[in-house]
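Below is one structure, written out as structure tokens; comments come after it.
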Amino acid sequence: MRHLIDPMDISVEELDKLLMLALDIIDHKDKYSDICKGKKIATLFYEPSTRTRLSFEAAMLELGGSVLGFSSASSSSVSKGESIEDTVRVVGCFADVIAMRHPNEGAPMLASMYSPVPIINAGDGGHNHPTQTLTDLLTIFREKGRLDNLTIGLCGDLKFGRTVHSLVKAMSRYKGIKFVFISPKELKIPSYILQEVLDPAGIPYEEVTSLEDNISKLDILYMTRVQRERFFNEADYVRLKDTYILDKAKLSDAKPDMTILHPLPRVNEIATNVDDDPRAAYFRQVMNGKYVRMALILKLLELV
Amino acid sequence: MRHLIDPMDISVEELDKLLMLALDIIDHKDKYSDICKGKKIATLFYEPSTRTRLSFEAAMLELGGSVLGFSSASSSSVSKGESIEDTVRVVGCFADVIAMRHPNEGAPMLASMYSPVPIINAGDGGHNHPTQTLTDLLTIFREKGRLDNLTIGLCGDLKFGRTVHSLVKAMSRYKGIKFVFISPKELKIPSYILQEVLDPAGIPYEEVTSLEDNISKLDILYMTRVQRERFFNEADYVRLKDTYILDKAKLSDAKPDMTILHPLPRVNEIATNVDDDPRAAYFRQVMNGKYVRMALILKLLELV
Amino acid sequence: MRHLIDPMDISVEELDKLLMLALDIIDHKDKYSDICKGKKIATLFYEPSTRTRLSFEAAMLELGGSVLGFSSASSSSVSKGESIEDTVRVVGCFADVIAMRHPNEGAPMLASMYSPVPIINAGDGGHNHPTQTLTDLLTIFREKGRLDNLTIGLCGDLKFGRTVHSLVKAMSRYKGIKFVFISPKELKIPSYILQEVLDPAGIPYEEVTSLEDNISKLDILYMTRVQRERFFNEADYVRLKDTYILDKAKLSDAKPDMTILHPLPRVNEIATNVDDDPRAAYFRQVMNGKYVRMALILKLLELV
């Protein structure tokens, strides 16, 4: 039995197959619309994440399966003191696969050691969020037609943004990748990623502070939200949150086929007048998130 | 693509068709039981409204479709600061139609300007609640066999009660309608409805304070809840809430075929010993609410 | 129309049939996988109980039906002051059967007097929880092959534990049953159960304080959680909660085929190193809970 806890659990070969499966689902929806009949996903969301939860639920429903679970700790009885281990053994009697969101790092990993059914990490604290990474990869592939030979800019909160860290690790496995890390110095990408992931693999990167000066060289621009909850004080948050906003003006220097990604929700990192630009791929990214979760569910349930 | 934001969005002709469709659904349930297979409704309830939410969910399930969403802002991640515009663009990737309840007036209208799928206003603050109006109209039609030539009494909170305002506007489009507005002077129907809706159309109405003295002339008695949350202070609420209670005694003067409606929930505006009276139509009204939502979903999804 | 409010509502003969139906469901899942197509269960949980709610939902989904409802009072609009009577009349328009969990004793009974559809009591305060009793009985039957001629130990909180009281009453109807009540003196089984249930029926029992000294004579050991919310002060809770913990050492004196049950959630009443012992039946008990609820839903909907 397989789980998905860390984005790096999936080899490049497996990832290729998963993305191909997602593409096949997109092209032949009818073929898959009943494949999970009689199967159930449990969405155990110990903290609310409406977007991610609904994406999992929509994915299962579009495969013909059904859904149960809870959307926040307050509407569940987890306060009764039950361990994660017991909870997944119980829920494993009710569902065929579990998507777990938890504020504590490592909770889904612990769950996977006891669960009778596959566990999907739907985000654990500031740690991993592997289905977001799968979403990003499918979107890059669909927008650019390839996962190699790309110059990828990542902009905003590169320190706390787990989706950034996972995407850098995942893309590091492909040839011809260059990274441009664009952030204020307070929110720079952690040095362990440079020293342990990029340097050993000989992957070129730059650390810069200006989005405007660097946008023209990018094939992909991955914008991130500056999350209030990651800051220790309000003053730092207010000072930095508007620093790296993408708008029409900055976009005029970008390549005509640059792809703009954002894991959402956005607050104001991307001006809304960018939304109609054909390069804005962040709402297509949401749709891809559903499709790649459909592929993942099928793989973990061994239905393909 | 059509949305339903304001009850008056629907013309009399469209309304007739919608009510006929609801009647056909009631008579031929099996014909419609799989028509929404593979379709999903998202119930985005930014404030709880169990009755309305379950009515939408039951409607979609009885059409063979499925359901996802959230039942209160606290169990969703809307606190992350995402705009309504972005939320509906995201949820539009997961569902085929969205029913939105929101404490802020205008939120569903705003949503409809950006949504890739039809939006149904499931109540926005004290503003509109169009599916309640559809429910009322279907119930009047089923109980009386017509929508014209009726004397309609509306009783209780006519100032804040949005269902009353919408029903008055909707019924004003039919011939031979008379209104009797029964309320304390603090909760009278807003003058704009009299001056802008009824007077120009030459529709007769009375404003009275006694339910007892006026009940005998009514074909329809629409009771309303005096909602605590609409009052500025507790004393006013306590003084007024019990003023207009319908009981067996008052009912003895009513026509033998008068129809009693109430949008529910009731607190004590209707004594429970009225429930068994054949004129009490408020639980049948609930059932009609489900059927008219089924018809509406089919129309908006263009499946009929 | 039948409801299930109190475990003793079901006669021994009906119970036998229900358990046989559950066994048939276990053996022939496919035969039942579409039997509730078009049917809906409403889970009205006025207090959270994730395990019970998900068990009902999984049961209905595995019968091919669907689910709606709410998981806590805070995400529902019950605060608007609607009575239980009105709520079930409304929800009875949306669902074919209702599972109700309520903090107040008697709420499901009241509901059943007004509901147009069958009501299942999913736990009312410290009162009844009949589907847990059905779960326990199916598990005993599957583990031991019989419901008679058993020595049953009940350990822990026998005073407040409603599942214990219901199980004692239910098992008292079979021949050759002996009870061993193992608890601190503060948490002894209520005397009315001894005097009104066991004594009149001539059923032998012992009241003891040591688990270790009595485990060897048991065919069934039913462990219970010492629930914090049942105590009047924290000191009593802390002193007593760890008193009766089952671990590998104590288990060495038990019969090789003793069955260990627990209604879950456990906190630490059973050491986790007991989980792999073949006598530990509490996770199988969860699975049986789903199956017996499937059987119950079929019976109440008169589909078998």
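Values in this text are rule-based calculations from the coordinates and carry no lab data. Remember, it's a predicted structure, so these values are computed and weren't measured experimentally. Neighbour counts run over all protein chains shown; Cβ positions are idealised from the backbone, glycine included.
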Margin query: List the aspartates and glutamates whose Cα sits under 17 Å from the Cα of A:Lys250, skipping any in the same chain fewer than 8 residues away.
Written below: A:Glu212, A:Asp213, A:Asp219, A:Asp242, A:Glu269, A:Asp275, A:Asp276, A:Asp277
Check: Around A:Lys178, which amide H atoms from residues at least 5 apart in sequence, or from another chain, sit under 5 Å from its own amide H, with H modelled in the peptide plane?
Finding: A:Leu150, A:Thr151, A:Ile152
Next item on the list: Output the Cα-based Rg and Dmax of chain C in Å, rounding Rg to one decimal and Dmax to a whole number.
Entry: 19.3, 56
Notebook entry, point to check: Which distances in nm, rounded to one decimal and ordered from shortest, link the label point of C:Arg2 to the equivalent label points in the other identical copies, with labels set 7 Å from Cα toward Cβ?
Noted result: 4.6, 4.6
Margin query: Place a point 7 Å from the Cα of A:Ala271 along the Cα-to-Cβ direction; which residues of region A:152-168 have their backbone N under 18 Å from it?
Written below: A:156
Notebook entry, point to check: Just in region C:36-133: which trypsin sites (Lys or Arg not before Pro) are loop by DSSP and have at most 13 other Cβ atoms within 10 Å?
Noted result: C:Lys37
Next item on the list: Could you pull the copy-to-copy label distances for C:Pro190, with points set 7 Å along Cα to Cβ, in nm to one decimal and sorted shortest first?
Entry: 5.5, 5.5
Note to self: Taking the alpha-carbon distance from C:Lys188 and a cut-off under 19 Å, which lysines remain once sequence neighbours fewer than 8 residues away in the same chain are dropped?
What the structure shows: C:Lys159, C:Lys169, C:Lys178, C:Lys241
Item checked: Range of Cα positions in the protein assembly as shown per principal axis (Å), largest first -> 91, 86, 52
Notebook entry, point to check: Which distances, in nm and shortest first, link the C:Met113 label point to the same label point in every other copy, taking 7 Å along Cα→Cβ?
Noted result: 5.3, 5.3
Check: At a Förster radius of 56 Å, what calculated FRET efficiency corresponds to the Cβ-Cβ distance of B:Arg173 and C:Glu207, to the nearest 0.05?
Finding: 0.15
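Using a simple charge model, +1 on the beta-carbon of Lys and Arg, -1 on the beta-carbon of Asp and Glu, nothing else, what dipole does chain A show about its Cα centre, in debye to the nearest 20?
Using Cβ point charges on Lys, Arg, Asp and Glu, chain A gives about 340 debye.
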Checklist line | Rg/Rh (Cα only; Kirkwood hydrodynamic radius) as it applies to region A:231-304 | finding: 1.14
Margin query: Treating only the Cβ of Lys, Arg, Asp and Glu as charged (+1, +1, -1, -1), what charge dipole size does region B:131-285 show about its Cα centre? Round to the nearest 20 debye.
Written below: 400
Notebook entry, point to check: Hey, which lysines would be in cross-link range of C:Lys37, C-alpha to C-alpha under 21 Å, not counting anything within fewer than 8 residues on its own chain?
Noted result: A:Lys37, A:Lys39, A:Lys40, B:Lys29, B:Lys31, B:Lys37, B:Lys39, B:Lys40, B:Lys290, C:Lys29, C:Lys290, C:Lys299
Item checked: Whole-number D in µm² s⁻¹ for region A:99-167, Kirkwood Cα-pair radius fed into Stokes-Einstein, 20 °C, 1.002 mPa s -> 159
Note to self: Report the Cα centroid-to-centroid distance between region B:192-206 and region A:179-222 in angstrom, as an integer.
What the structure shows: 67
Next item on the list: Specify the inter-centroid distance of region B:1-80 and region C:252-304, based on alpha-carbon positions, in whole Å.
Entry: 39
Next item on the list: Any chance you could check the Cα centroid distance between region A:95-122 and region C:152-168 for me, in angstrom?
Entry: 32
Note to self: Explain nothing, just the number: relative contact order of chain C, from Cα pairs under 8 Å at least 6 residues apart, as a whole percent.
What the structure shows: 19
Note to self: Helix-only mean residue ellipticity at 222 nm, chain C, DSSP H runs n ≥ 4 weighted -39,500 (n - 2.57), per residue, nearest 500. What is it?
What the structure shows: -10500 deg cm²/dmol
Notebook entry, point to check: Over the C-alpha atoms of region A:1-146, what are the Rg and the largest Cα-to-Cα span, Dmax, in Å?
Noted result: 15.4, 50
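Average projected area of the Cα convex hull of region A:131-286, in nm²? Please list the in-between numbers first.
Numbers: hull surface 33.8 nm².
Here the figure is 8.5 nm², rounded to one decimal.
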Notebook entry, point to check: Tell me, what is the FRET efficiency for A:Arg2 and C:Lys248 to the nearest 0.05, using R0 = 30 angstrom and their Cβ-Cβ distance as r?
Noted result: 0.40
Notebook entry, point to check: Picking from A:Thr52, A:Gly38, A:His3, whose Cα lies most toward the positive end of the charge dipole for region A:1-73 (charges on Cβ: Lys, Arg +1; Asp, Glu -1)?
Noted result: A:Gly38
